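First up is the structure itself, then whatever we jot down about it.
The values are calculated or read from the model by the stated rules, or taken from the named source; none is laboratory data. Since we're looking at a predicted model, the values are computed, not measured. Cβ coordinates were reconstructed from backbone atoms using ideal geometry, including for glycine residues, and neighbour counts include every protein chain displayed.
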Amino acid sequence: MKTTIEQSIPDAEIKVQEAPLTDNEKIILQQKLFPLLEKQFRMKTQGDSTSLREEEVTELLDSILFTLRFEISRQALPFRTLLTAELAPLFSAAQQSLQQCLTSTEQLYRQVMAQVKDFGSLSLRDTLNGIGAFFRRYDYRLYAHLIPADIDYQLCLPVPDKLCGVVFIREYLLRLLTENTLLTRYSPVRVSALLTRFSPDYRELLVNLYEPVAAVTVGHALSGGGETLLELTETQSAQVAQHLVSLSPADAKKLLASSAREACERLALTDPLSVRYLTRAAVELYPRLIAGPQSAAGVFSAVGTP
Amino acid sequence: MEDSLFPALRQAQKAAMAETLRKTNSLTERYGLSLSETQIAALTDARVSSLLDTGRVETGEGILPKLIYAFCDSPFLFRDEYCQTIAALQDLFYTFRNELEDALSDDELILAMQRLYNGPGQGSLEYLENATVSDLYRAWQGDEEGDYEDDD
């Protein structure tokens, strides 16, 4: 199964969306969900109660739907499969798949803990510790869609809101590792200096570490190279912005994307995820770079900026 | 999905609930109590309304058979009030469940209600309606009727 990071940050995104269920199909699906809901209900109450509050049953139902969606997505089946498939065995298979996903995500977490440099960022440190608690609290049997973890640290390219449960955590960790891959291409001293220029209090604030580094990386590529310096002057920044403003928005975004790819080559960032991630981050710089004469100096945390 | 699922679930359970209620007559008849088809239909409708009013969802046989079996031998339950009393007890049961935040199990709550109704309440639904969460806890914990009365 492709991860969401691969699906949502492709070079050319092509999505085929299913039409929403008709009213009749919704009724069919509801009837098929009743037995599953009753089973989950019994597991939740352990036979102590025949009734629950609607909010609690809603959580159980959301968990069932998330679990089934996870499995049909994993098997690359259309959502309408649920209308005809035997849901009980599909649900059991889905729970096994979720359990495996949980195990592999925990391994991924250990990899993140070993590799990610937090450059003193308290929010990143706290978030990573919070994700550790997720693996103790997560209940894939009854509340598979929930994310029992405090996640304050903001990624440069946030995980889509539609992702839930362990799928969200997996995606978050993959993106964090991808961001870290770029950061570790540079001297930690230069990264720290750049982050301090970007925001002197970055350690205490909810500042994403990747974004300023990615911006300067792309800025260097647009200026013809020298990425490892991780330091652009105000003059260089202004020149980059002027050049982008002189182009049509579409051409400017193409130039940003191609510059990001060139930077990746020079930095020996060969893994496709890193390339896609930096390319997407570069394109998202465009509105900020053309916002005003001084904006480029801010975006690139340029040296000499008052 | 749940917006339409819960009403559909409640409606789908009606037929099975009616059959379950019919079966309770075989036990309650020995106490001179039974439900007619009209009363069974009224009770299943009342169950749906009660669940809707209290924002609860029920599965399986539901609470009505348990309430009937628990209260049918009450000396305060009479034939002409049987159906209305069971419907009222059902309303109270779901209300108490919410007030207790599901801290007691179904059986524990029914035991508490039974003790209050047959004990200090002397068959008064109004007394039961006014019972507080701590009244219910004390009633559940009391081994014998009246144990909890002295605590007030």
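Look through the range A:66-83, keep the residues that are in contact (Cβ under 8 Å) with a residue 40 or more places away in the chain and among the hydrophobic types (A, V, I, L, M, F, W, C), and return whichever of them is nearest to A:A144 (Cα to Cα). Residue satisfying both the conditions and the ranking: A:F66. Residue count for the range B:37-78, restricted to those that are more than 26 Å from A:F41 (Cα to Cα), in contact (Cβ under 8 Å) with a residue 12 or more places away in the chain and in a loop (DSSP other than H, G, I, E, B): 6. Hey, does the range B:8-21 have a residue that's surrounded by fewer than 21 Cβ atoms within 10 Å (Cβ to Cβ), more than 26 Å from A:F41 (Cα to Cα) and not small (G, A, S)? No; the residues of the range B:8-21 include none that is surrounded by fewer than 21 Cβ atoms within 10 Å (Cβ to Cβ), more than 26 Å from A:F41 (Cα to Cα) and not small (G, A, S).
Looking across the range A:224-257, the residues that are surrounded by 16 or more Cβ atoms within 10 Å (Cβ to Cβ), at pLDDT below 95 and aliphatic (A, V, I, L, M) come down to A:L230, A:L232, A:A238, A:V240, A:A241, A:L244. For the range A:129-137, the count of residues that are more than 14 Å from every other protein chain (Cβ to nearest Cβ), buried (at least 20 other Cβ atoms within 10 Å of the Cβ), aromatic (F, W, Y) and farther than 16 Å from A:L33 by Cβ is nonzero. For the criterion of being surrounded by fewer than 21 Cβ atoms within 10 Å (Cβ to Cβ), closer than 24 Å to A:D48 by Cβ and among the acidic types (D, E), B:E108 passes. Check A:Q40, A:Q30, A:Q99 and return the single one that is without any contact (Cβ under 8 Å) to a residue 60 or more places away in the chain and either at the interface with another protein chain (Cβ under 9 Å from one of its Cβ atoms) or in contact with a Ser or Thr (Cβ under 9 Å, 6 or more places away or on another chain) (or both). Just a single option satisfies the conditions, and that option is A:Q30. Here A:L194 passes the criteria (1) part of a helix (DSSP H, G or I); (2) in contact (Cβ under 8 Å) with a residue 24 or more places away in the chain; (3) under 16 Å from the mean Cα position of the chain (by Cα) except the one numbered (3). Checked against (1) at the interface with chain A (Cβ under 10 Å from one of its Cβ atoms); (2) modelled with pLDDT of 95 or more, B:S36 passes all but a single condition, namely (1). Applying the set (1) free of Cβ contacts under 8 Å to residues at least 60 places away in the same chain; (2) in contact with a helix residue (DSSP H, G or I) (Cβ under 9 Å, 6 or more places away or on another chain) to A:V112 leaves exactly one unmet item: (1). If a residue has to be touching a residue at least 60 places away in the same chain (Cβ under 8 Å) and among the hydroxyl-bearing types (S, T, Y) to count, how many in the range A:43-65 make the cut? Adding up the residues that qualify gives 1. The residues on offer are B:E81, B:E108, and the sole one that is within 14 Å of another protein chain (Cβ to nearest Cβ) and either among the aliphatic types (A, V, I, L, M) or assigned to a helix (DSSP H, G or I) (or both) is B:E108.
Of the residues making up the range A:43-62, those that are more than 19 Å from B:M17 (Cβ to Cβ), more than 7 Å from every other protein chain (Cβ to nearest Cβ) and not in a loop (DSSP other than H, G, I, E, B) are A:M43, A:K44, A:E55, A:E56, A:E59, A:L60, A:D62.
Please find, within the range A:117-156, the residue that is farthest from A:R280 (Cα to Cα) out of those that are outside any loop (DSSP other than H, G, I, E, B) and free of Cβ contacts under 8 Å to residues at least 12 places away in the same chain. The selected residue is A:R136. Does the range B:111-123 hold any residues that are closer than 12 Å to B:P75 by Cα and either hydroxyl-bearing (S, T, Y) or within 14 Å of chain A (Cβ to nearest Cβ) (or both), and which are they? B:Y117, the sole residue that qualifies.
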